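What follows is a single structure, written as structure tokens, with notes after it.
The values are calculated or read from the model by the stated rules, or taken from the named source; none is laboratory data. Since the structure is predicted, the reported quantities are computational estimates derived from the model, not experimental observations. Cβ placement follows ideal geometry from the backbone for every residue including glycine, while neighbour counts extend to all protein chains displayed. With ligands, DNA and RNA removed, areas are computed over all heavy atoms of the protein, side chains included. Shrake-Rupley method; radii C 1.70, N 1.55, O 1.52, S 1.80 Å.
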Amino acid sequence: MTVHTRIRPFNTKKTYPEQSIDNDLCQTVVAQGKMVFVRGQIGQNLDTSESVAIGDAAGQTEQAMANIKMLLEEAGSTLEHICKITIYITDPRYREPVYRTIGKWLKGVHPVSTGIVVSALARPEWVVEVDAIAVIPDAG
């Protein structure tokens, strides 16, 4: 059963053929359910506050996505119910490894996505941050 309407789904392989990115995205999501806002997640273990994958954008993205998955599940949702992600990177050269990593975690989900290059994040060792908006679907 499809819970959310995803308008104009596409894959970045076709949109950006010159890049090695395979992300399932869409232009608009019409979601059904209670909204869940996940704070920006970075390469930090939530249980220990330890920064991980220093100098490794893909590794920090893996940790950020693992954090998002865990937080959504604690809230009663799942990665499949993500409607919007925002990706912040400190260097445009990180785009491909970061987006490839996110694409693995969100294969088949088709969220709306915004990517932003920023001069810095809260700590100098962090090079990527990802926040998410998801829903807990209505029952029935």
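Mind checking whether some residue in region 52-60 is among the aliphatic types (A, V, I, L, M), free of Cβ contacts under 8 Å to residues at least 60 places away in the same chain and under 28 Å from residue 13 (Cα atoms)?
Scanning region 52-60, I find at least one residue that is among the aliphatic types (A, V, I, L, M), free of Cβ contacts under 8 Å to residues at least 60 places away in the same chain and under 28 Å from residue 13 (Cα atoms), so the answer is yes.
Only residues that are buried (at least 17 other Cβ atoms within 10 Å of the Cβ) and under 23 Å from residue 134 (Cα atoms): list them for region 86-105, please.
Within region 86-105, 87, 88, 89, 95, 98, 99, 100, 101, 102, 103, 105 qualify.
Being in a loop (DSSP other than H, G, I, E, B), of a type outside the set (Phe, Trp, Tyr) and closer than 14 Å to residue 126 by Cβ: is that true of residue 77 here?
Against the criterion (in a loop (DSSP other than H, G, I, E, B), of a type outside the set (Phe, Trp, Tyr) and closer than 14 Å to residue 126 by Cβ), residue 77 does not qualify.
Among the residues of region 50-74, what is the count of those that are acidic (Asp, Glu) and either in contact with a Cys (Cβ under 6 Å, 6 or more places away or on another chain) or more than 20 Å from residue 35 (Cβ to Cβ) (or both)?
3
Residues of region 23-74 being open to solvent by 70 Å² or more (accessible area, probe 1.4 Å), within 23 Å of residue 94 (Cβ to Cβ) and in a helix (DSSP H, G or I), which ones?
69
What's the number of the condition residue 133 fails, among (1) surrounded by 22 or more Cβ atoms within 10 Å (Cβ to Cβ); (2) touching a Cys at 6+ places or on another chain (Cβ under 7 Å); (3) outside any loop (DSSP other than H, G, I, E, B)?
(1)
Quick check on region 1-22: of everything there that is in a loop (DSSP other than H, G, I, E, B) and surrounded by 18 or more Cβ atoms within 10 Å (Cβ to Cβ), which residue is modelled with the highest pLDDT?
21
Quick check: is even one residue across region 86-107 farther than 15 Å from residue 21 by Cβ and of a type in the set (A, V, I, L, M, F, W, C)?
Looking for residues that are farther than 15 Å from residue 21 by Cβ and of a type in the set (A, V, I, L, M, F, W, C), one finds none in region 86-107, hence no.
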